[in-house]
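Asker: Structure below; questions to follow.
The values are calculated or read from the model by the stated rules, or taken from the named source; none is laboratory data. This one's a predicted model, so the numbers in the text were calculated from it and none came from an experiment. Cβ atoms come from the backbone with ideal geometry, glycine included; neighbour counts cover every protein chain shown. We work out accessible area using only protein heavy atoms, side chains counted, and drop any ligands, DNA or RNA first. Shrake-Rupley method; radii C 1.70, N 1.55, O 1.52, S 1.80 Å.
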Amino acid sequence: MVPRNLTHVSEFLLLGFSEEPELQPLIFGPFFSMYLVTVLGNLLIILAVSSDSHLHTPMYFFLSNLSFVDICITSTIIPKMLWNIQTQSQVISHEGCIIQMYFFMLFAGLDDFLLTVMAYDRFVAICHPLHYTVIMNPLRCGILVLVSWIISVLHSLLETLMVLTLSFCREVKIPHYFCELKQLIQLACSCNFLNELVMNFGAGILGGVPLAGILYTYCKIASSIYRISTAQGKCKAFSTCASHLSVVSLFYCTCLGVYLSSAAPHSSHSSATASVMYTVVTPMLNPFIYSLRNKDIKRALRAFILSLESG
């Protein structure tokens, strides 16, 4: 088939989890339910943090940002997938695909950076408690979030511009439920060596460096907790980072599962299935992980719900 420039391709086809049309409606209910739980759960976290002055601290400031990003990352891909299932269509426009890919990479990168910033916050709280308020002042917290946004925006913009240089064949079938960068590069008819190089380099830097930073901070945290003399002190110190450690483990384990499944031969649909874990399941579970183990969040949520009932 003769390659055509991307601007001549008006639409792509999202094959979803299966090319069998009759199987698509079966997943509408579960994904719609998970999407609602994700949005409502994370929205409650944001409202609880913003409404309770006791939670106006760096840890909860970063948590509310993480909840906002989790809402955005699922809203970037799930509504379109549900719409296609409801209308029994697999079509996504060329512009819609590029926009979806851009925002997905943006929010996925932000998720990664925010988890790293939250690890740094816990490191300062446990290893340098006397200087915590000085180090984690509002200005520094704002700068950390702003830098995370800037890097994520620039990376997503670079990858998107690289994709716009590719040529595609007449019919582009994406074996996924959203426009993923790796899938688009592999489906290009033109030379994609430079795109592969930039994508792998970006994944190594934006994925490897934050992970290395998180591992380093938790090594220092574990060392500090080990030096605490009392068992009560150790439990209190560990409890301050247990929720974050759970979210980090869930996020990186699911990302690793996606990477391994995509690296295996003939694994397009298995990669799509694995992607559900970090695009839908992880954002849905984050509010539960933080609220169930956090007395301050539960207290703030109760106060917020009571204020709504009384209002």
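Asker: Could you grab me the full set of residues in the stretch 188-206 that are aliphatic (A, V, I, L, M), open to solvent by less than 70 Å² (accessible area, probe 1.4 Å) and part of a helix (DSSP H, G or I)?
Answerer: Within the stretch 188-206, VAL198, MET199, ALA203, LEU206 qualify.
Asker: Okay, next question. Filter the stretch 171-187 down to the residues that are over 20 Å from the mean Cα position of the chain (by Cα) and not in a helix (DSSP H, G or I) and list them by number.
Answerer: Selection gives GLU171, VAL172, LYS173, ILE174, PRO175.
Asker: Okay, next question. Which count do you get for residues in the stretch 71-87 that are open to solvent by less than 10 Å² (accessible area, probe 1.4 Å) and more than 17 Å from PRO283 (Cβ to Cβ)?
Answerer: Summing the residues that are open to solvent by less than 10 Å² (accessible area, probe 1.4 Å) and more than 17 Å from PRO283 (Cβ to Cβ) in the stretch 71-87 gives 0.
Asker: Okay, moving on. Give me the pairs: first residue in the stretch 5-19 and modelled with pLDDT under 80, second residue surrounded by 15 or more Cβ atoms within 10 Å (Cβ to Cβ) and polar (S, T, N, Q), beta-carbon distance under 6 Å, and six or more apart or on different chains, which are they?
Answerer: That search, which allows pairs on different chains as well, returns ASN5/SER167.
Asker: Follow-up. Determine which member of the set VAL134, VAL163, VAL209, VAL124 is touching a Leu at 6+ places or on another chain (Cβ under 8 Å), part of a helix (DSSP H, G or I) and either at negative phi or open to solvent by 40 Å² or more (accessible area, probe 1.4 Å) (or both).
Answerer: None of the other options fit; the residue is VAL163.
Asker: Take the residues in the stretch 46-70 that are more than 21 Å from THR133 (Cβ to Cβ), within 16 Å of the chain's Cα centre (by Cα) and of a type in the set (A, V, I, L, M, F, W, C), then tell me which one is most open to solvent (accessible area, probe 1.4 Å).
Answerer: Top of the filtered list is PHE68.
Asker: Among the residues in the stretch 35-45, are any in contact with a helix residue (DSSP H, G or I) (Cβ under 6 Å, 6 or more places away or on another chain), assigned to a helix (DSSP H, G or I) and open to solvent by 70 Å² or more (accessible area, probe 1.4 Å)?
Answerer: No; the residues of the stretch 35-45 include none that is in contact with a helix residue (DSSP H, G or I) (Cβ under 6 Å, 6 or more places away or on another chain), assigned to a helix (DSSP H, G or I) and open to solvent by 70 Å² or more (accessible area, probe 1.4 Å).
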